[in-house]
1. To make sure I understand, if each residue's beta carbon is the centre and we count other beta carbons within 10 Å, what order do Ser132, Ser331, Ser61 fall in, fewest to most?
2. Is there a pair in Lys187/Lys329; Lys140/Lys327; Lys21/Lys74; Lys74/Lys164 whose C-alpha atoms are over 28 Å apart, and which pairs would that be?
3. Return the calculated 222 nm mean residue ellipticity for the chain, to the nearest 500 deg cm²/dmol, obtained by summing -39500 (n - 2.57) across DSSP H runs with n ≥ 4 and dividing by the residue count.
4. Take the Cα gyration tensor of the range 107-262, multiply each eigenvalue by 5, square-root it, and list the three semi-axes largest first, rounded to whole angstrom.
5. Once you compute Rg and the Kirkwood Rh from C-alpha atoms, what is the Rg to Rh ratio for the range 251-343?
6. Based only on the alpha carbon positions, what is the Kirkwood hydrodynamic radius of the range 101-151, in angstrom?
7. Hey, what do the phi angles of the range 357-367 turn into as Karplus ³J(HN,Hα) couplings, whole Hz, using 6.51/-1.76/1.60 and θ = phi - 60°, x for Gly and Pro?
8. Treating the range 314-404 as a set of equal point scatterers at the Cα positions, no solvent, please give the Debye-formula log₁₀ I(q)/I(0) at q = 0.17, 0.24 Å⁻¹.
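A short reminder: the numbers here are calculations on the coordinates, not readings from a lab. Because the structure is predicted, anything quoted here is derived from the model rather than measured. Here Cβ is always computed from backbone atoms with ideal geometry, including for glycine, and neighbour counts include all displayed protein chains.
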Amino acid sequence: MFNVKEIRKDFPILKREVNGKPLVYLDNAATSQTPKQVIDVITDYYQNYNANIHRGVHALSQEATDKYEEARNKIQQHFNAAKAHEIIFTSGTTHSINIVANGFSSLIQKGDEILVSAMEHHSNIVPWQMLSERTGAVLKVIPMNQKGELQMDVYDKLLSDKTKLVFCNHISNALGTINPIEEIITKAHNVGAAVLIDGAQAAPHLVADVQKLDVDFYAISAHKVCGPTGVGMLYGKEKWLNKLPPYQGGGEMIAEVTFEKTTYANLPHKFEAGTPNICGGIAFGAALDYMNKIGFEAIANYEYELLEYATEELLKIDGLKIYGTAKNKTSVISFNIDGVHPYDIGSILDKLGIAVRTGHHCAQPIMDFYKIPGTVRASFSFYNTIEEVDVLVAGVNRAKNMLL
Ligand code: PLP
């Protein structure tokens, strides 16, 4: 049974105060909080078996290696990847996307087309712009409508045999839209294009089955799923990962090195140069264990209740407008109040102990689309409560009265 009161006991940080008020943490789309089950795994690593992996014959190194590879297996199972070596440990979604964008430099030619959705995080725009500058490939945008839904009829028209790559987020960080990625992937494959899905915002809310989706690449960050910062995953189909050249050179990623020539290690090590975030990888596995124990279905159902209630209550505030009203959306609410700058609302909420994000949320093209400087974004997790939604709504009302 899902019991939010019990779940909150797992998160030490939720007990703290900010500016003399109980913390109401509603910036989960930026970073989720960490339960003690994961903090304990981090402490255990540094207290008991901190060592470099894949290299040592000694016991600590072996233990650390086993736990790190065990975490890779957990991640493989979670996303139902066919093989453990299709899971590459990275520093996060941004790093994962850069591995693919860099690798495609040798597979893309001048005049080829790459498609991006209009609602991407900068992490899923800039690496592809850099790719297009390097190669002469043409970057085209799948537009969205006022609700923040992709215009799939235009997508159909943009696809052609020139399309080599399509990249899109599973869920938008600024709007909460859940994109129809099954359809996006199938249609891209019909013209022979590869697809990268940025799963950074989806991973905290649902489980993507990469084989069922038939997706070519899927990227996530551990810090959005109750894990630590500085670690994440790139899933890639074996056939693609074998085609792509390594992103970084260094230790761990080689088979043999002479001054004349280097040959590269097999997957996944080819893409894991240098000493990785060993503890982070192990804690990433523990974070998925923690969330799976609660259950993603229960998480999604509860977060949907929070979303519906918060949407209803916020819309009672005169002059408040929500950006991102897609039919399929997750627990993210981006809003503004007529005549008030989002930053001012965020600053007043902070004084009340309420953490929200303000600004363009690393998605400036979305703000340009709506012709706004930014929004206030409240993003809810499974450890938030209905009472916290009430505190948010009261805080926004108070900010509005102070600022207008
Ligand atoms: N993509 C999306 C949709 C995101 O929301 C984020 C982070 O907010 C990123 C990519 C970048 O993630 P990271 O900074 O962990 O690499």
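1. Ser61, Ser132, Ser331
2. Lys21/Lys74; Lys74/Lys164
3. Calculated at 222 nm, the ellipticity per residue is -11500 deg cm²/dmol.
4. The answer is 27, 21, 14 Å, longest axis first.
5. 1.29
6. Radius from the Kirkwood sum: 11.5 Å.
7. Result, ordered by residue: 9, 10, x, 8, 6, 6, 9, 4, x, 5, 5 Hz.
8. Ignoring solvent entirely, the Cα scatterers give -0.71, -1.41.
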